[in-house]
Amino acid sequence: RINRFGNLLSVDYRTFAIDANYQWALVKGPGAGSYFVLARSPSLQEPLRRALTQLAKRNYPDMGNLVWSSLESEK
């Protein structure tokens, strides 16, 4: 649980997977479709994206589709 500003802003999350070198983590947020990847790099290789998607769907089969954003295009 992350608490910011006392109890005014509190976020529950669960880490499902984390890289051995702490380059990325797959995190499940409080909402039904709330998955996200925290990464040190603005992009991830496609095989890793597929593996993380499969892991998320294996844990929550009804989660729907993941949307990957690209920070590289925002530079």
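The values are calculated or read from the model by the stated rules, or taken from the named source; none is laboratory data. As the structure is a computational prediction, the values presented were derived from the model and not from experiment. Note that we place each Cβ from the backbone using ideal geometry, even for glycine, and neighbour counts take in every protein chain shown. For accessibility, only protein heavy atoms count, side chains too; no ligands or nucleic acids. Shrake-Rupley method; radii C 1.70, N 1.55, O 1.52, S 1.80 Å.
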Within the stretch 38-57, take every residue that is at pLDDT 85 or above and within 11 Å of F16 (Cβ to Cβ) and give me the one that is least open to solvent (accessible area, probe 1.4 Å).
L52
Of the conditions (1) in a loop (DSSP other than H, G, I, E, B); (2) open to solvent by 80 Å² or more (accessible area, probe 1.4 Å); (3) aliphatic (A, V, I, L, M); (4) at pLDDT 85 or above, A32 fails just one. Which one is it?
(4)
